[in-house]
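Note sheet for the following structure.
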Ligand SMILES: Cc1cc2nc3c(=O)[nH]c(=O)nc-3n(C[C@H](O)[C@H](O)[C@H](O)COP(=O)(O)OP(=O)(O)OC[C@H]3O[C@@H](n4cnc5c(N)ncnc54)[C@H](O)[C@@H]3O)c2cc1C
């Protein structure tokens, strides 16, 4: 990094990093238990309304009812996971929420398809007719079923474009905007549940609870995904103040704003950034804070992976910025042990650089291992050395390929040789997904408890 570039950066104010008064978020186990309890209550709703099952048609229809109820419950859970509810974002982490959403989505689409097929088949068997004429009868004679069928097709379509093979061939934004059809699907399918769902037609309490679930999630989505970001944009008036290169293809962007301390952002967290230029206003991309947040400015550091990230190096000072966040669970709150090891790979250094600066700890409590391709790729070298020096922390910057080094510096053996009391460390890992997987496996082999390993993926 050149001295001139550093001179353009706003001066750090010692001790002005955002306070760590943010409460820990929801725990994974509790959230999963609540989701499971909801699923059990949904099955119980079907059970208490089902006196007896007599024949094959009845079996099919009841299987159709229960899959429909579970799909109706599951889809609203999937939306809640993506509602950007702060307790979930802080406690579970956006990447894990996105993974749960993606896994759950596959089951929900399967339940929707099963519901449709089982109901048609069951009704056809009971009415002694064939499935084609039964499908016609359901679409024309039953209230709101046509709308629900369109909703089902939309959900299947969203499922198809979200399949890994299809998604890889698609621009992120195309996939994202197609994905928003899920909201339309949920709205279209809602009314048929009460109009034709045997479990709701006669059960007023079930209707009230079900409606409250849907309305609650809709309010959370509108509040956290629209109202709060718009309010934040007005309140904080963020603008780009400086852009400078850190390494080939990597640039830092400093963003100023008002009352930024109110955001209670923490080192290790990220925002979704929207830069209001003619070409970029429509895309909102996640980038971690690469320095501890200050009351009057924030900094991100971006590698040129694609269209939006490459364009950021050309941003002009004065550009207005919408930032949605802070999000992310890889913060100091997660820490359990006094000693901390930070393992960064490539551009995954950004959140760990901020944590390296601010994690509380005495001399030699904090160690960082930063794995970079070569010297030219190494970002923040001077800053990291300065932080390590100031804090008495240990810093290992390891460059070069494994074949050149003759060993893997992130293997269990190398980690234990470097840090003999590895097991008594909390370990924060951020880097390419493949590297993170290998490092987490090495740490587990070295008997580092799972609860002491914290990592976040740069891929949703
Ligand atoms: C929590 C988090 C923190 C991150 N922090 C940093 C950071 O500090 N520095 C850095 O250089 N990179 C970071 N990234 C990665 C960065 O967001 C992507 O490289 C960037 O969005 C790519 O966008 P693009 O248009 O340039 O490339 P594209 O070619 O459009 O996308 C490349 C890939 O990036 C991902 N991506 C693209 N757009 C989005 C989006 N809007 N939301 C989520 N993922 C998207 C997708 O997986 C996509 O396949 C982070 C990612 C996440 C999830």
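Could you tell me how many of the residues in the range 270-296 are more than 9 Å from the ligand (Cβ to nearest atom), assigned to a loop (DSSP other than H, G, I, E, B) and either farther than 20 Å from residue 316 by Cβ or in contact with a helix residue (DSSP H, G or I) (Cβ under 9 Å, 6 or more places away or on another chain) (or both)?
10
List every residue pair whose Cβ atoms sit under 6 Å apart, with the two residues 6 or more apart in sequence or on different chains, where the first one lies in the range 44-59 and is more than 13 Å from residue 203 (Cα to Cα) and the second, anywhere, is part of a helix (DSSP H, G or I).
Sorted first by the residue in the range 44-59, then by its partner, the pairs are 53/59; 53/62; 56/125; 57/122; 57/125; 57/126.
Would the range 254-262 turn up any residue that is assigned to a strand (DSSP E or B), within 12 Å of the ligand (Cβ to nearest atom) and under 26 Å from residue 377 (Cβ atoms)?
So the first thing to find is which residues in the range 254-262 are assigned to a strand (DSSP E or B), and the list is 254-256.
When the remaining residues are screened for being within 12 Å of the ligand (Cβ to nearest atom), the result is none.
Scanning the range 254-262, I find no residue that is assigned to a strand (DSSP E or B), within 12 Å of the ligand (Cβ to nearest atom) and under 26 Å from residue 377 (Cβ atoms), so the answer is no.
Do we have any residue at all in the range 150-171 that's away from the ligand (no atom under 16 Å from the Cβ) and assigned to a loop (DSSP other than H, G, I, E, B)?
The initial filter retains those residues of the range 150-171 that are away from the ligand (no atom under 16 Å from the Cβ), namely 150-160.
Among the residues that remain, those that are also assigned to a loop (DSSP other than H, G, I, E, B) are: none.
No, the range 150-171 contains no residue that is away from the ligand (no atom under 16 Å from the Cβ) and assigned to a loop (DSSP other than H, G, I, E, B).
For the structure I just gave you, tell me whether residue 299 is within 16 Å of the ligand (Cβ to nearest atom), under 26 Å from residue 97 (Cα atoms), in a helix (DSSP H, G or I) and in contact with a strand residue (DSSP E or B) (Cβ under 9 Å, 6 or more places away or on another chain). Even if it seems obvious, please write down each step before you answer.
On the way: within 16 Å of the ligand (Cβ to nearest atom): yes; under 26 Å from residue 97 (Cα atoms): yes; in a helix (DSSP H, G or I): no; in contact with a strand residue (DSSP E or B) (Cβ under 9 Å, 6 or more places away or on another chain): yes.
For residue 299, the condition - within 16 Å of the ligand (Cβ to nearest atom), under 26 Å from residue 97 (Cα atoms), in a helix (DSSP H, G or I) and in contact with a strand residue (DSSP E or B) (Cβ under 9 Å, 6 or more places away or on another chain) - is not met.
Sort out which residues of the range 432-453 are closer than 21 Å to residue 420 by Cβ and either within 16 Å of the ligand (Cβ to nearest atom) or not in a helix (DSSP H, G or I) (or both), and write them in order of number.
If the condition is that a residue be closer than 21 Å to residue 420 by Cβ and either within 16 Å of the ligand (Cβ to nearest atom) or not in a helix (DSSP H, G or I) (or both), then 446, 447, 448, 449, 453 are the ones that fit.
Between 311, 354, 323, which is more than 10 Å from the ligand (Cβ to nearest atom) and either touching a residue at least 12 places away in the same chain (Cβ under 8 Å) or over 17 Å from residue 245 (Cα atoms) (or both)? Quick ask: steps written out before the conclusion?
Values: 311 fails: more than 10 Å from the ligand (Cβ to nearest atom); 354 fails: more than 10 Å from the ligand (Cβ to nearest atom).
It is 323.
Would you confirm whether or not the range 100-123 contains a residue that is within 16 Å of the ligand (Cβ to nearest atom), within 30 Å of residue 229 (Cβ to Cβ), surrounded by fewer than 19 Cβ atoms within 10 Å (Cβ to Cβ) and touching a residue at least 60 places away in the same chain (Cβ under 8 Å)?
yes
Here are some conditions: (1) within 16 Å of the ligand (Cβ to nearest atom); (2) surrounded by 21 or more Cβ atoms within 10 Å (Cβ to Cβ). Residue 238 meets all but one. Which one does it not meet?
(1)
Which condition number in (1) more than 12 Å from the ligand (Cβ to nearest atom); (2) over 27 Å from residue 427 (Cβ atoms) is the one that residue 362 fails?
It is condition (2) that residue 362 fails.
Across the range 337-355, what is the total count of residues that are more than 16 Å from residue 372 (Cβ to Cβ) and either touching a helix residue (DSSP H, G or I) at 6+ places or on another chain (Cβ under 8 Å) or not in a helix (DSSP H, G or I) (or both)?
Here is the first cut: in the range 337-355, the residues more than 16 Å from residue 372 (Cβ to Cβ) are 337-341, 354-355.
Remaining after also requiring either touching a helix residue (DSSP H, G or I) at 6+ places or on another chain (Cβ under 8 Å) or not in a helix (DSSP H, G or I) (or both): 337-341, 355.
Total meeting the criteria: 6.
Enumerate the pairs (first residue in the range 164-189 and closer than 21 Å to residue 147 by Cα; second residue anywhere and within 16 Å of the ligand (Cβ to nearest atom)) with beta-carbon separation below 6 Å, excluding pairs fewer than 6 apart on the same chain, so at least 6 apart or on different chains.
Cβ pairs passing all conditions: 178/161.
Computed from the coordinates by the stated procedures, all read-outs in this text should not be read as laboratory data. Keep in mind the model is a prediction, meaning the values are calculated, not measured. For neighbour counting, all protein chains shown are included, and Cβ atoms are generated from backbone atoms with ideal geometry for every residue, glycine included.
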